[in-house]
Amino acid sequence: MTRVRALLIAFLVLSLAAIFPLAEGAKKPSAGESLPQQKTVIFTVFGSPSEGLSATMEPILILEGGQLKEPVSGSSDANDITRFSNEYYRKGQRYRLLFGGAEAGTAIITKSSANQECFRTGADISMQTNVKLNRNVMALATDSNSLGLAAGERSRRTPTPAERAQALELARAAYKQKGVAASLLPGAQVVNLTAVDLDRDGQWELAGSFVASKRTRKQQRYVLFLLAVPSGSGYKTAFSNYESFGEEAVMSGANIDTINDGTYVERLVEHLDLDNDKVNELITTTTGLEGVTYYVYKRQNGAWNKVYEFGNYRCAF
Ligand SMILES: [Ca+2]
Ligand SMILES: [Ca+2]
């Protein structure tokens, strides 16, 4: 093959790629058709008020044939990280932003982090959205064109004072059941509390993260994640995850108060219907000192079960 011809073919291939940038994820099964779900990637999007429409994202799961699979992680082979970056983090690549289980705008890749020391499976993005993100308010991005509800069906908001009081009451009950001293409970802190409608019945569920602190020696932190669901005129706990951390649980050089700021505290990422059964799955995360873990909970026969867990190593502390 002559050099000119090779260049021409390369040019044609590039042109096609430019014309059909979304071709791979663009086929949508028509109504009633139950094709196996094609491979799609779900990313968590992290932003902050000071960054405005600049944010970062990293992959948390791959949805393929109805299965939840682990994506590339910070501890993956360097070649796998490069391959992922080349495929998903080309400058200008666009992804749908999802928030409150629904369409919320666009994420546009500005720079891959693959060559950095930390956050190697992540990327810098710019967003086109009216959603305001912060440390405890995260969004999702995806290359799927079918996941998520229409923008008008978004469900995610700050709880009312009454909802907050009920969630705190359930949190205190959960703490009491774990034997946490009653004297520490009035001071229990709400790290984050979000109202979401997971099953689209117009009644709000509450996802909450809490820390109770024993500040006398030896210090202790009691962390709790709790999903409260409507029951009668109030709420009941659908599930809760509790953990206790002493001073020795925090690596030297870190302060135990990092837990009060959210480290080791399971927090809501988002909710999204991953398997099209009309009930949204709950996606949460726990940030450690060297990485982050993601969880997916699914309602099965009325119970909320953990169906996925993925730890992403980011950087040595
Ligand atoms: Ca509901
Ligand atoms: Ca579902």
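Side notes on the structure shown:
- Amide proton proximity set for residue 265, modelled H, under 5 Å, gap of 5+: 287
- Taking each residue as 0.36 nm, the span from residue 162 to residue 87 lengthens on full extension beyond its C-alpha to C-alpha distance by 22.3 nm.
- Within the chain: Cβ-based charge dipole about Cα centre, in debye rounded to nearest 20 (Lys, Arg +1; Asp, Glu -1): 380
- The GNM of the chain, with springs linking C-alpha atoms under 10 angstrom apart, assigns the highest mean-square fluctuation among 134, 280, 192 to 134.
- Residue-wise HN-Hα coupling along segment 177-191, computed from phi with Karplus coefficients 6.51, -1.76, 1.60 (Hz; x: Gly, Pro): 4, 8, x, 5, 3, 4, 5, 8, 6, x, x, 4, 9, 8, 6
- Taking only the C-alpha atoms of segment 274-317, the Rg (one decimal) and the largest Cα-Cα distance, Dmax (whole number), read 13.1, 41 Å.
- Of the residues 226, 61, 136, the one whose Cα sits farthest toward the positive end of the charge dipole of the chain, with +1 on the Cβ of Lys and Arg and -1 on the Cβ of Asp and Glu, is 136.
- Just so you know, the Cα atoms of segment 80-162 work out to an Rg and Dmax of 14.6, 49 Å.
- Amide H to amide H, with H built 1.01 Å from N, residue 113 comes under 5 Å of 122, 123, 124, counting only residues 5 or more places away or on other chains.
- Rounded to whole Å, the principal axis extents of the Cα atoms in the chain read 81, 50, 33, largest first.
- Distance between segment 131-150 and segment 86-124 - C-alpha centres, whole angstrom: 12
- Of 174, 165, 114, the one that fluctuates the most in a GNM where the chain has Cα springs shorter than 10 Å: 165
- A simple rule links phi to the HN-Hα coupling: the Karplus curve 6.51 cos²θ - 1.76 cosθ + 1.60 with θ = phi - 60°, which for segment 160-168 gives 6, x, 5, 5, 4, 4, 5, 5, 5 Hz, with x for Gly and Pro.
- Residue-wise HN-Hα coupling along segment 97-109, computed from phi with Karplus coefficients 6.51, -1.76, 1.60 (Hz; x: Gly, Pro): 8, 10, 8, x, x, 9, 3, 9, x, 9, 10, 10, 5
- Cα-only radius of gyration and Dmax that characterise segment 152-225, units Å: 14.3, 51
- The chain: relative contact order as a whole-number percent, Cα under 8 Å and 6+ apart: 14
- Once the Cα-Cα distance is subtracted from the 0.36 nm per residue extended length, the residue 177 to residue 316 segment shows a gain of 46.5 nm.
- Distance between the modelled labels on residue 117 and residue 289, one decimal in nanometres: 1.7 nm (7 Å Cα→Cβ projection).
- Where labels lie 7 Å past Cα in the beta-carbon direction, separation of residue 110 and residue 307 in nm: 3.6
- Potential extension, residue 39-residue 239 segment - 0.36 nm per residue separation minus Cα distance: 69.0 nm
- Put simply, the amide H of residue 192, placed in the peptide plane, has neighbours under 5 Å in 209, leaving out anything fewer than 5 places away on its chain.
- Among the protein heavy atoms, those of residue 110 account for about 60 Å² of accessible surface (1.4 Å probe, every chain in place).
- Within segment 90-181, the trypsin sites (Lys or Arg not before Pro) that combine a DSSP coil assignment with at most 16 other C-beta atoms in a 10 angstrom radius are 90, 91, 132, 135, 178.
- Taking GluC sites (Glu not before Pro) as exposed when their DSSP state is a loop state and no more than 12 other Cβ atoms lie within 10 Å, the longest site-free interval of the chain runs over 118-317.
- GNM top mover of 288, 187, 148 - the chain, alpha-carbon springs below 10 Å: 187
The values are calculated or read from the model by the stated rules, or taken from the named source; none is laboratory data. Since we're looking at a predicted model, the values are computed, not measured. Quick reminder, even Gly has a Cβ in these numbers, built from the backbone with ideal geometry, and neighbours come from all protein chains shown. SASA here: full protein model, heavy atoms, side chains in, ligands and nucleic acids out. Shrake-Rupley method; radii C 1.70, N 1.55, O 1.52, S 1.80 Å.
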